[in-house]
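Engineer: This is the structure, below, for whatever I ask next.
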Amino acid sequence: MYKYILKRILIAIPVLIGITIIDYVIMCMAGSPLAMMQGPRVSEAALEAKKIALGLDQPVYIQYFVWLGQLLHGNLGYSIKSYQPVSEMIASHLGPTLLLMGVSLIVSLILAVPSGIYSAIHQYEKGDYAVVTMSFLGSSIPGFFLSLLLIYVFTVKLGWLPSSGMTTLGTAGSAGDVAAHMVMPVLVLSFSMAGSNIRYIRSAVLEILQQDYLRTAKAKGIGRFRVINKHALRNALVPIVTVIGMEIPMLFGGAVIIEQVFSWPGLGLMTMSAISSRDYPVIMGVCLLSAVVVLVANLVTDILYALVDPTISLN
Amino acid sequence: MEQKKKKDITNESYLQTVFRRFRRHRLAMVSLVLLTVLVGAAILAPWIAPYDPNAIVGTFSGAPCPEHWLGTDQIGRDVLSRLLYAMRISLLVGVLATLISTVIGVMLGLVAGYFGGIPDMIIMRFTDMVMSFPYILLVLVAAAIFRPGLWNIILILGFVDWPGIARLVRGNVLNLRETNFVKGSIVSGMPVRHILFSEILPNTVAPILVYATSVLALSMLDEAALSFLGQGVQPPTASLGNMLNGAQSLTVLTTQPWLWIPAGLLIVILVMAINFIGDALRDALDPNSR
């Protein structure tokens, strides 16, 4: 077991280094941030001084190693635009994003797990068709379109929910206020995630229902309820663990667009503005953070998977 | 039901079997018809669109009326005509991006699975790297760098979507390598090219096809999202995503729903139809199902 975990970690390390290299190469292709400052009011000498101050006169690979060295000291660099440390910027935007992601993850599981299991148990019945059709709708509707529809209905027509930000402007923002702002983004994120997850859980449970041990359990005559709750659900834990692992990268991506639409003050909104102003250190920081999170999520999923399902071979 | 089962299916060809199974999926049949109609409309857009999509032909932001079934946009272009052309662009992006990523994924998967060892390790670690980046973030950064535009979007989506296919193909190749007919060919000294493309590839086409439908659906969604954010297909070329871009302004969102709801619904219908067809294909092509 330890050997397995160690092996997974060892595989993850070169991937992580590769990620930083790809990241850096992409950023270098993006063009110089100096181009954004250029203008009739900025002299050549000032640009040159700026270039040296930012270390942009060094060759690319040296810039990379300097950055990597700083990284190992926990320093992600400074934003070219606002001169704030990147780590500080990320830290201040991380809270709202984690809140949004966490709640969406929980809501999507609450939606997906029972309906996936329900539709597997009632395969080819009306309820199953309804659930599967809804799940297809969930994975086919663009998040931003669903957001616009919700805003149209709940903000414009009914006036029930606020459509932008995290708190009402000018107030300190009570928990209820934040919750009201969260309803629509969470709905959109969890609906689209639940879409693919329902089908995944459904087919996994269908497979479990065909196993011999379930037939044995049924033959013992312990009743439908206990067959499903005692024998089927416990084994359904394996696909559910996988689903949680798959959701984390999806959440990170989905949050970028949803945060943009709802002006949610999180990492996604910060990243979009960094992308438009070519603020490399910030983009690099966010990409690195999210890649690390995804890697760790995959690692944890693999390990949990091995723990939950003893039949998985460890080599 | 009993009646149908008695029908003789012993002499059926493979394609007939697949089609017979496909037809059992009602929603997929409906989707197939719908998709055929929509794709037909998109291809025939220059002939059936009532107006030139980029010409100013009516009042600004006119509501739907008999001359303009879906109204006119902010600068007086006919929304229905733009919608038809937008569908063309969105389908083009989806199909080409899917083709590119499928070719890349299949090639890398074949090489990694068949040769194993160091090439396998390098390719799979590279796949892991690409997969670790949150997908949308990667596409957004790439779109910002390479200047948004139709062809760049196609290339970016094509070069980002392949890891799933590569993994799938590699897995299948690993299984097929252990089969007797492939082992036989290796022993008898058949050229690698023949084994890869004439023996292994045809046996893994079915799962690739199924996977490609989901890539098609995803890349159409991504194009829409990118264009919606202004990082995708650029105006005046209409795409389903950038037609929704206007809905970020409050007046359009609240008082001119004909400008954004039809485009959004069309994306949902197209993507959903593709997903249903993919689902039915998965069942129909699965050799383990009856």
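Engineer: How would you rank B:193, B:125, B:282, going from fewest to most other Cβ atoms within 10 Å of each one's own Cβ?
Structural biologist: B:193, B:125, B:282
Engineer: Going by how many other beta carbons lie within 10 Å of each one, how would you line up B:65, A:287, fewest first? Before the final figure, lay out each step's value.
Structural biologist: On the way: B:65 12, A:287 24.
Neighbour counts put them in this order, fewest first: B:65, A:287.
Engineer: Quick one: grab Rg to one decimal and Dmax as a whole number for the protein assembly as shown, Cα atoms only, in Å.
Structural biologist: Using the Cα atoms of the protein assembly as shown, the pair Rg, Dmax is 26.1, 88 Å.
Engineer: Helix-derived [θ] at 222 nm for chain A: sum -39500 (n - 2.57) over DSSP H runs of at least 4, divide by residue count, nearest 500?
Structural biologist: -24500 deg cm²/dmol
Engineer: Neighbouring Cβ atoms within 10 Å as the yardstick, rank B:20, A:234, A:278 fewest first.
Structural biologist: A:234, B:20, A:278
Engineer: Say each of residue B:198 and residue A:224 gets a label point 7 Å from the Cα, pointing the same way as Cα to Cβ; how far apart are those two points in nm?
Structural biologist: Here the answer is 5.6 nm between the modelled labels.
Engineer: To continue, here is another question. Aspartates and glutamates near residue B:183 by alpha-carbon distance under 17 Å, same-chain residues fewer than 8 away left out - which ones?
Structural biologist: Hits, sequence-local ones excluded: B:199.
Engineer: Residue A:220: which aspartates and glutamates have alpha carbons under 18 Å from its alpha carbon, excluding same-chain residues fewer than 8 sequence positions away?
Structural biologist: A:212
Engineer: Okay, moving on. List the DSSP H helices in chain A whose Cα atoms stretch 30 Å or more along the helix axis and whose mean Kyte-Doolittle hydropathy is at least -1.0.
Structural biologist: The answer, listed by residue number, is A:2-29, A:86-121, A:175-209, A:233-262, A:280-308.
Engineer: In debye to the nearest 20, how big a dipole does chain A give about its Cα centre with +1 on each Lys and Arg Cβ and -1 on each Asp and Glu Cβ?
Structural biologist: Working: 19 positive and 15 negative charges, 213 e Å.
Dipole size: approximately 1020 debye.
Engineer: Related question: Hey, what's the Kirkwood Rh for chain B if you take every pair of different alpha carbons, in angstrom?
Structural biologist: Across chain B, the inverse of the average 1/r is 21.4 Å.
Engineer: Also, I was wondering about something else. For chain B, modelled as a Gaussian network with Cα springs under 10 Å, which listed residue fluctuates most, B:120, B:222, B:161?
Structural biologist: Of the options given, B:120 has the highest mean-square fluctuation.
Engineer: List the residues whose amide H sits under 5 Å from the amide H of residue A:79, counting only those 5 or more places along or on another chain, with H placed 1.01 Å from N in the peptide plane.
Structural biologist: For residue A:79, whose amide H was placed from the backbone, the distant partners under 5 Å are A:84, A:86.
Engineer: Can you tally the net charge around residue B:97? Count Lys and Arg as +1, Asp and Glu as -1, for every other residue whose Cβ sits under 14 Å from the Cβ of residue B:97.
Structural biologist: Neighbourhood net charge equals -3.
Engineer: For chain B, what is the mean residue ellipticity at 222 nm derived from helices alone (per DSSP H run of n ≥ 4: -39500 (n - 2.57); sum divided by total residues; nearest 500 deg cm²/dmol)?
Structural biologist: Calculated at 222 nm, the ellipticity per residue is -22000 deg cm²/dmol.
Engineer: Relative contact order, percent, of chain B when contacts are C-alpha pairs under 8 Å separated by at least 6 residues?
Structural biologist: That works out to 24 percent.
Engineer: For chain A, what does the relative contact order come out to in percent, with C-alpha contacts under 8 Å and a separation of six or more?
Structural biologist: Normalised by residue count, the contact order of chain A is 27 percent.
Engineer: Could you work out the relative contact order of region B:108-222? I mean the mean sequence separation of Cα pairs under 8 Å and 6+ apart, divided by the number of residues, in percent.
Structural biologist: Taking the mean separation of contacting Cα pairs over the length of region B:108-222, I get 34 percent.
Taken together, the values in this text are just the output of simple stated rules run on the coordinates, not laboratory data. These figures come from a predicted structure and were not determined experimentally. A quick note on method: Cβ atoms are made from the backbone with ideal geometry, for glycine too, and the neighbour counts reach across all protein chains shown.
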